[in-house]
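S.K.: Below you'll find the structure I mean.
The values are calculated or read from the model by the stated rules, or taken from the named source; none is laboratory data. This one's a predicted model, so the numbers in the text were calculated from it and none came from an experiment. Virtual Cβ from ideal backbone geometry, glycine too; neighbours counted across all protein chains shown. The area values use the complete protein model at the heavy-atom level, side chains included, leaving out ligands, DNA and RNA. Shrake-Rupley method; radii C 1.70, N 1.55, O 1.52, S 1.80 Å.
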Amino acid sequence: MKRVHFIGIGGIGISALAKFLLQKGYFVSGSDIKANALTSELESMGAVISTPHDADAINANLPDEVVYSAAIKQTNEELVRARELGISVQSRKEFLKVLLKDMKVFAVAGAHGKSTTSAMLSAILGGNAIIGAVSKEFGSNTRFDVSTNEVVFEADESDSSFLNANPFLAIVTNAEPEHMEHYEFDLSKFYGAYDSFLNAAKVRVLNGEDEFLRGVNLDAVKLQKGDVFNVSSKLNGREPYTKFSLKGYGEFEVFGLGEHIAVDAALAVLGAVAVRGREKIEAIRENLKRFKGIKKRFDVLVTRKNYALIDDYGHHPTEIKATLQSARLYADMLGLEKITAVFQPHRWTRLKANLDGFREAFRGIELVVLPVYAAGEESNGIDVRAEFSGATFSKSVWREGEFLACDAGVLDSGLVIGFGAGDISYMLRGER
């Protein structure tokens, strides 16, 4: 039995790999700074988890391999101990080569929408899935199917790990520059990574509305402007759904709201057609209905008369702007007159690079701003209160029953939506 120890196992990306190996019969151990819902789930599956990090965790479990997340520093005591003992050590990025090398990978990449599109594609195709969010269809960020070597895989460009994804199919939702610090703020390196990812694939499906992807000179199916049309929304009970038509393939219905949801679904449909064949279109149409959304992406936590509370992972202006369009639509459908956004900026570097975009995205919205979730970064001197003048500032938010509260009082009417990739989701859910 192969024994693998994951450092940073409580993260969404690392935990997916750990779950996948557990289901393949590996002995899995791991550590993190503190326990969370993902570490509890892993323990229930048989993983041995220790918190906080401790070199003795390596001694106790004696793994064959140690895999660490991008957030782990090279001075981490467990990494140091593993190297002292001569144990093979790999980053998550490096380990992907091992994990995926013998699999037929349907990889989904892009700055925005890749988690949603991955979950939609996994709903359509079934089989194995390793994604960067919890799919509500199967209640996890991974699904294991011993009957096939096919896997839907969310491929991450943030650390260029998508270059190790071994893609058979590559779907790219967009290629907006993000995580530029990893690419030394060099656009040629950033786009060069996408070129390498696409060149590695046998089949490609691209969002042709993106300027870079539109100009890619490779054989590819490109979703063009106007290919998605007749977009409309409806409620099933209080759950939001979008209907749309896709040129050449007819009408589809998918969980979620907004044109960006229709585009993500269209890319998933085109990817499924590319690997299953056009003759499977009716099964593809029906299977798309299995998608039930993903946790933290327009995740409706509470709906009642005159009130709704939504959790969203959006932490970039493009994502936030698109999600707020859906929020306005949902508020109208529920008869709610007011929208309040609660924003937890994520990383000082991202805040600085996108200040104008954030201000524009929240224009006309009642805004509550939380302290920056630094994710280990040092402050770069941005005066958040000055940059978001007119907003309400709060040290945190918390639940009071079904309602959300902040330092200024209880937010008990209208649609309240939280944005951020830090710990705001736990606050919105009353878990912190």
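S.K.: Go through segment 195-209 and count every residue that is surrounded by fewer than 20 Cβ atoms within 10 Å (Cβ to Cβ), within 23 Å of the chain's Cα centre (by Cα) and among the charged types (D, E, K, R).
M.R.: Total satisfying the criteria: 2.
S.K.: Given the conditions (1) in a loop (DSSP other than H, G, I, E, B); (2) open to solvent by less than 10 Å² (accessible area, probe 1.4 Å), which single one is not true for PHE162?
M.R.: For PHE162, the exception is condition (1).
S.K.: Just the residues that are polar (S, T, N, Q) and within 12 Å of LEU301 (Cβ to Cβ), please, taken from segment 373-432.
M.R.: Matches in segment 373-432: SER425 only.
S.K.: Restricting the first residue to segment 228-244 and requiring it to be touching a residue at least 24 places away in the same chain (Cβ under 8 Å) and open to solvent by 70 Å² or more (accessible area, probe 1.4 Å), which pairs with a second residue that is of a type in the set (Phe, Trp, Tyr) and part of a strand (DSSP E or B) meet a Cβ separation below 9 Å and a spacing of at least six or different chains?
M.R.: GLU239/PHE255
S.K.: Which one is nearest to ASN199 (Cα to Cα), of the residues in segment 121-159 that are part of a loop (DSSP other than H, G, I, E, B) and of a type in the set (A, V, I, L, M, F, W, C)?
M.R.: ALA155
S.K.: Let me ask something else about it. Based on this model, can you work out whether GLU282 counts as more than 25 Å from ALA111 (Cα to Cα), of a type outside the set (Gly, Ala, Ser) and assigned to a strand (DSSP E or B)?
M.R.: When the stated conditions are applied, GLU282 does not pass them.
S.K.: Please go through segment 92-149 and pick out each residue that is under 23 Å from GLU286 (Cβ atoms), in contact (Cβ under 8 Å) with a residue 60 or more places away in the chain and in contact with a Gly (Cβ under 7 Å, 6 or more places away or on another chain).
M.R.: PHE106, SER115, LEU121, LYS136
S.K.: Next question, about the same structure. Considering only segment 51-84, state which residues are farther than 21 Å from LEU17 by Cα, touching a helix residue (DSSP H, G or I) at 6+ places or on another chain (Cβ under 7 Å) and of a type in the set (A, V, I, L, M, F, W, C).
M.R.: The answer is ALA55, and nothing else.
S.K.: Can you tell me which residue is nearest to GLN224 (Cα to Cα) among those in segment 151-207 that are touching a residue at least 60 places away in the same chain (Cβ under 8 Å) and of a type in the set (Phe, Trp, Tyr)?
M.R.: TYR194
S.K.: Let me ask you something else. Name the strands (runs of 3 or more DSSP E) wholly inside segment 326-432 in which the number of residues that are within 30 Å of ALA71 (Cα to Cα) and hydrophobic (A, V, I, L, M, F, W, C) is 2 or more.
M.R.: Because the criterion is at least 2 residues that are within 30 Å of ALA71 (Cα to Cα) and hydrophobic (A, V, I, L, M, F, W, C), the strands (runs of 3 or more DSSP E) in segment 326-432 that meet it are 339-343, 366-369, 397-400, 414-419.
S.K.: Next up: Listed residues VAL254, VAL263; which is at pLDDT 95 or above, assigned to a helix (DSSP H, G or I) and crowded, with 19+ Cβ neighbours inside 10 Å?
M.R.: Of the residues listed, the single one that is at pLDDT 95 or above, assigned to a helix (DSSP H, G or I) and crowded, with 19+ Cβ neighbours inside 10 Å is VAL263.
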